[in-house]
1. Check Ile57, Ile99, Ile87, Ile50 and return the single one that is within 18 Å of Glu133 (Cα to Cα) and among the aliphatic types (A, V, I, L, M).
2. Provide a single number: the residues in the stretch 207-243 that are open to solvent by 50 Å² or more (accessible area, probe 1.4 Å), closer than 22 Å to Leu176 by Cβ and in contact (Cβ under 8 Å) with a residue 24 or more places away in the chain.
3. Determine whether Glu141 is touching a residue at least 12 places away in the same chain (Cβ under 8 Å), assigned to a helix (DSSP H, G or I), open to solvent by 20 Å² or more (accessible area, probe 1.4 Å) and not aromatic (Phe, Trp, Tyr).
4. Condition (residue is within 15 Å of the chain's Cα centre (by Cα) and over 23 Å from Arg88 (Cα atoms)) applied to the stretch 163-180: is it met by at least one residue?
5. Condition first: surrounded by 14 or more Cβ atoms within 10 Å (Cβ to Cβ), more than 20 Å from the chain's Cα centre (by Cα) and part of a helix (DSSP H, G or I). Now tell me which residues in the stretch 55-87 satisfy that.
6. Could you look through the stretch 29-54, keep only residues that are among the basic types (Lys, Arg) and part of a helix (DSSP H, G or I), and pick out the one that is surrounded by the most Cβ atoms within 10 Å (Cβ to Cβ)?
7. For the stretch 154-185, how many residues meet the condition of being of a type outside the set (A, V, I, L, M, F, W, C) and either crowded, with 18+ Cβ neighbours inside 10 Å or farther than 20 Å from Glu140 by Cβ (or both)?
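The values are calculated or read from the model by the stated rules, or taken from the named source; none is laboratory data. This one's a predicted model, so the numbers in the text were calculated from it and none came from an experiment. So basically every Cβ, Gly included, is an ideal-geometry build from the backbone, and we count neighbours across all protein chains shown. Calculation scope for accessible area: heavy atoms of the full protein, side chains included, ligands and nucleic acids excluded. Shrake-Rupley method; radii C 1.70, N 1.55, O 1.52, S 1.80 Å.
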Amino acid sequence: MKYSIVISVSKTKFGPVVFKGNLNENIIKASRMGYDGVELAVRKSESFKIDEVKKLIKKHNLEVLSLGTGQIYGEEGLNFSDPNKSIRDKAVERTKGIIDIAKHFNASIIIGLIRGKINTQENFDEELNKAEERIRQCLEELLSYSEKESINFLIEPINRYETNIFNRLDEVNNFLLKFREKLDLDRIGILADTFHMNIEEPIIYKSFENFSNVIKHIHFADSNRWPPGYGHIDFKKIIQVLKKNRYKGFISFEMLPLPDSDTAAKDALEFIKKLDFW
């Protein structure tokens, strides 16, 4: 199994990121701690120094496996499901900028909170259908934009307290099947996050089992969003299922920087590596 950690390219108010701010310093730190890769959370692509980061990544024998887009929504409210087309268009354009970074690292694009949420409970099913169609249109445009570089996309189910669109793995899977004629499913997978799964999935390890064919990336955090080992999630069982189903991707730690950033990063990796022996 290979391991990575989420690093924010810039300072952010988004909580569950262990390392924020000084990108160069945090990349070096991740390497020295024994990580195999990093996942970068990017808000504005124009401030990203591609050549500098490429040299640093290569020097420290790391991979940039994915780029997060959540700060585009969290900091500015831009999203793919908003009824206002200009907001959706801005969200797509900002994501295109992140795709322009991703192509230099052969990295995937995470579609998390940027999908937005529905702001009414009236006629919810009807509003959900409209939201899904808007998301589909945005994804279709992004898939077309990134087709030459074969950039992949990862849709992350997120718990009900943060969004009401795609809370569970089966809901993402149903969305993909619904639009399989219009979306290149070979380039779209599911990002399974144990923190969100602990809230939404009936039995976490069974969900990993049931959707093993479409899970392309994984976030680990414990039930309280602290590092694995600080809560009650059975990570041993999850890793057994991943091994059984020959999961080949990364496990990335997206968690709160508690009790502090360095301790969180070290404890998470140490705890999971002790379980990774089958």
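1. When all the criteria are applied, what remains is Ile87.
2. The number of residues fulfilling the criteria is 3.
3. yes
4. yes
5. Matches in the stretch 55-87: Leu56, Ile87.
6. Ranking the qualifying residues of the stretch 29-54, first place goes to Lys29.
7. Taking the stretch 154-185 and keeping what is of a type outside the set (A, V, I, L, M, F, W, C), we get 156-157, 159-164, 167-168, 170-171, 173-174, 178, 180-182, 184.
Cutting the leftovers down to either crowded, with 18+ Cβ neighbours inside 10 Å or farther than 20 Å from Glu140 by Cβ (or both) gives us 156-157, 159-164, 167-168, 170, 173.
Looking only at that region, the number is 12.
Each row is one residue, and each column tells you yes or no for (1) within 20 Å of Ile7 (Cα to Cα); (2) in contact with a Cys (Cβ under 9 Å, 6 or more places away or on another chain); (3) of a type in the set (Lys, Arg); (4) at pLDDT below 95.
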residue	(1), (2), (3), (4)
Ile218	yes, no, no, no
Asp222	yes, no, no, no
Asp234	no, no, no, no
Lys237	no, no, yes, no
Ser252	yes, no, no, no
Pro259	yes, no, no, no
Ala265	yes, no, no, no
Ala268	yes, no, no, no
